[in-house]
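Trainee: One structure is given below, represented as structure tokens, and several questions about it will come after.
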Amino acid sequence: PTAMATVKLTCAMVHATTVLPHGFARADVARGPVFTHVWCQGWVREDDGATCAVRDGSGDVRVERRARASSALREGAYVVVRGALTSDGDGRRVVREADVVPVEDASVARARADAWMVEVQEVWEDVFAVGLGCD
């Protein structure tokens with residue numbers, strides 16, 4: 001199948017993927033599409049400026065930034081993340097080379113958080129309805 005560039009995944013879905021050679025990954029949902037990057041979002045649990053943990057209600061994911069931030073994000077900040085999905089030496093999934101963008105407006109952050117799970121579900125329903133990149 002042809003690889004999709006970026007897919008939206010909840011943190012739990014990030015951990016239910018297969019990391020493939022050459023920078024690809026496959027969502028293990030009914031032989032889902034192959035992709036190169038993941039988009040996830042959620043609340044910062046911890047951050048040291050280089051690596052942060054993000055939680056979206058389905059689980060947590062470790063994120064390594066493309067460039068070290070000049071200052072760490074505060075715990076509880078809502079962020080949008082896009083990066084390459086890989087696994088560490090212990091097989092845990094990590095979003096690497098990630099762009100991490102904080103959502104500054106609290107009301108926008110709450111609205112994005114409230115809609116995130118439904119948004120991901122709708123995207124995946126569309127992916128499987130038209131068979132985008134699926135075997």
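The values are calculated or read from the model by the stated rules, or taken from the named source; none is laboratory data. In this text the structure is predicted, and so the values were computed from the model without any measurement. All Cβ positions, even for glycine, are placed from backbone atoms using ideal geometry, and neighbour counts span all protein chains on display. These accessible areas exclude ligands, DNA and RNA; they are computed on the full protein's heavy atoms, side chains included. Shrake-Rupley method; radii C 1.70, N 1.55, O 1.52, S 1.80 Å.
Trainee: Test V44 against the stated conditions and say whether it is within 12 Å of the chain's Cα centre (by Cα), open to solvent by less than 10 Å² (accessible area, probe 1.4 Å) and β-branched (V, I, T). It would help to see each step written out before you state the result.
Mentor: Values: within 12 Å of the chain's Cα centre (by Cα): no; open to solvent by less than 10 Å² (accessible area, probe 1.4 Å): yes; β-branched (V, I, T): yes.
Taking the combined requirement at face value, the residue does not satisfy it.
Trainee: Looking at (1) assigned to a loop (DSSP other than H, G, I, E, B); (2) open to solvent by less than 70 Å² (accessible area, probe 1.4 Å); (3) closer than 22 Å to A27 by Cβ, which one does G57 not meet, given that it meets all the others?
Mentor: All conditions are met except number (2).
Trainee: Here's something else I'd like to know. Residue check: is E97 at positive phi, touching a Lys or Arg at 6+ places or on another chain (Cβ under 6 Å) and either open to solvent by 40 Å² or more (accessible area, probe 1.4 Å) or among the polar types (S, T, N, Q) (or both)? Steps first, answer last, please.
Mentor: Numbers: at positive phi: yes; touching a Lys or Arg at 6+ places or on another chain (Cβ under 6 Å): yes; either open to solvent by 40 Å² or more (accessible area, probe 1.4 Å) or among the polar types (S, T, N, Q) (or both): yes.
In short, yes.
Trainee: Could you please find all residues in segment 63-73 being surrounded by fewer than 19 Cβ atoms within 10 Å (Cβ to Cβ) and closer than 21 Å to G23 by Cα?
Mentor: Those that are surrounded by fewer than 19 Cβ atoms within 10 Å (Cβ to Cβ) and closer than 21 Å to G23 by Cα: E64, R66, A67.
Trainee: Please go through segment 79-94 and pick out each residue that is open to solvent by 70 Å² or more (accessible area, probe 1.4 Å) and farther than 20 Å from K8 by Cβ.
Mentor: Within segment 79-94, the subset open to solvent by 70 Å² or more (accessible area, probe 1.4 Å) is 82, 89-90, 92.
Those that are open to solvent by 70 Å² or more (accessible area, probe 1.4 Å) and farther than 20 Å from K8 by Cβ: G89, D90, R92.
Trainee: I've got another one for you. So which pairs qualify, if the first residue must be in segment 8-35 and in a helix (DSSP H, G or I), the second must be at pLDDT below 80 and exposed (fewer than 14 other Cβ atoms within 10 Å of the Cβ), the Cβ gap must be under 9 Å, and the two must be at least 6 apart or on different chains?
Mentor: Pairs found: M13/D28.
Trainee: Of these, G76, G49, which one is loosely packed, with under 14 Cβ neighbours inside 10 Å and either touching a Phe, Trp or Tyr at 6+ places or on another chain (Cβ under 9 Å) or part of a strand (DSSP E or B) (or both)?
Mentor: Numbers: G49 fails: either touching a Phe, Trp or Tyr at 6+ places or on another chain (Cβ under 9 Å) or part of a strand (DSSP E or B) (or both).
Unique residue meeting the criteria: G76.
Trainee: Another question, then. Please find, among R74, R96, R65, R82, the residue that is modelled with pLDDT of 90 or more, of a type outside the set (G, A, S) and within 19 Å of E122 (Cβ to Cβ).
Mentor: On the way: R74 fails: within 19 Å of E122 (Cβ to Cβ); R96 fails: within 19 Å of E122 (Cβ to Cβ); R65 fails: within 19 Å of E122 (Cβ to Cβ).
Exactly one of R74, R96, R65, R82 is modelled with pLDDT of 90 or more, of a type outside the set (G, A, S) and within 19 Å of E122 (Cβ to Cβ), namely R82.
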